[in-house]
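Read the structure below first, then the notes.
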Amino acid sequence: MRMNKDETMSDSNPYTPPTTPVSAPDVRPTERQIPDTIAAPIRHGWIAACVSCAMTLLATLLSLRQSGDETVFSAFNLIDVGLIALLAFGIHRRSRTAATFMLAYFVLSKILVMQQTGQPTGLVFGLVFAIFYFRAMTATFRYHCFVKEWKRNPPVPGPALSENPLFAPSRNDRAPWRASGAASAPSPCQSCDRLVFAPPASARSAIRHR
């Protein structure tokens with residue numbers, strides 16, 4: 001089977017662009033570029049989840065010392081502690097699923113506890129935690145919208161440090177011969193890259209008389 005000359009040259013062309021698509025790197029905004037109205041509720045949400053996890057773990061460890069049917073209930077509380085810790089890590093990673101599930105799980109657990117006890121126990125603290133979780137959930141959705149818009153229209157890079165007047169060289173750095181009290185400015189040497197200080201006119205005339 002003979003190949004055409006054009007096909008052979010096209011296959012061996014080193015300047016042919018690659019056919020494999022190159023995926024762009026997943027660039028995300030830094031922590032300083034995220035608005036505080038988005039970062040603060042998420043931070044408060046996972047901190048509240050960590051506090052709830054610590055309180056549940058402490059109550060579980062205290063109830064494990066007792067015997068009877070509460071031991072089984074304490075074992076289920078350990079699963080509750082692990083789930084809350086996992087959801088807290090998800091909120092810290094700005095996961096919309098973790099924040100939504102944390103709010104739903106917390107509200108549902110409080111409703112079940114009130115139905116079992118018949119009293120609104122811990123209603124004030126539960127309302128405070130629910131507010132934290134709700135604000136964290138809405139902030140995670142706003143964060144992903146912010147990242148999508150940031151990738152679509154990336155910000156313009158700021159000025160370099162050399163353009164900042166605080167980092168501009170002073171007059172002494174620009175003219176070191178003035179700071180040292182030299183009589184004249186340095187002149188560039190034509191045969192090398194060094195700077196040669198030209199002697200003043202009075203010194204040159206004294207050398208000539210000698």
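According to the square roots a ≥ b ≥ c of the eigenvalues of the Cα gyration tensor, what is the shape class of segment 76-154, taking rounded for a/c under 1.5, prolate for a/b larger than b/c otherwise, and oblate for the remainder?
prolate
Quick one: if you stick a label point 7 Å off each Cα along the C-beta vector at residue 62 and residue 96, how many nm between them?
Modelled inter-label distance: 4.0 nm.
When you count, for each residue, the other Cβ atoms within 10 Å and take the mean per peptide, how do 37-48, 79-90 rank with the highest first?
Taking the mean over residues of other Cβ atoms within 10 Å, the ranking is 37-48, 79-90.
In nm, to one decimal, how far is the residue 55 label point from the residue 40 one, both placed 7 Å along Cα→Cβ?
2.3
So for each of 55-62, 100-107, 27-34, 133-140 I average, over its residues, the number of other beta carbons within 10 Å; can you give me the resulting order with the highest mean first?
For the peptides 55-62, 100-107, 27-34, 133-140, the packing ranking is 133-140, 100-107, 55-62, 27-34.
Any read-out appearing in this document is the output of simple, stated calculations on the displayed coordinates, not a laboratory observation. Keep in mind the model is a prediction, meaning the values are calculated, not measured. Here the Cβ is made from the backbone with ideal geometry for all residues, glycine too, and neighbour counts use every protein chain on show.
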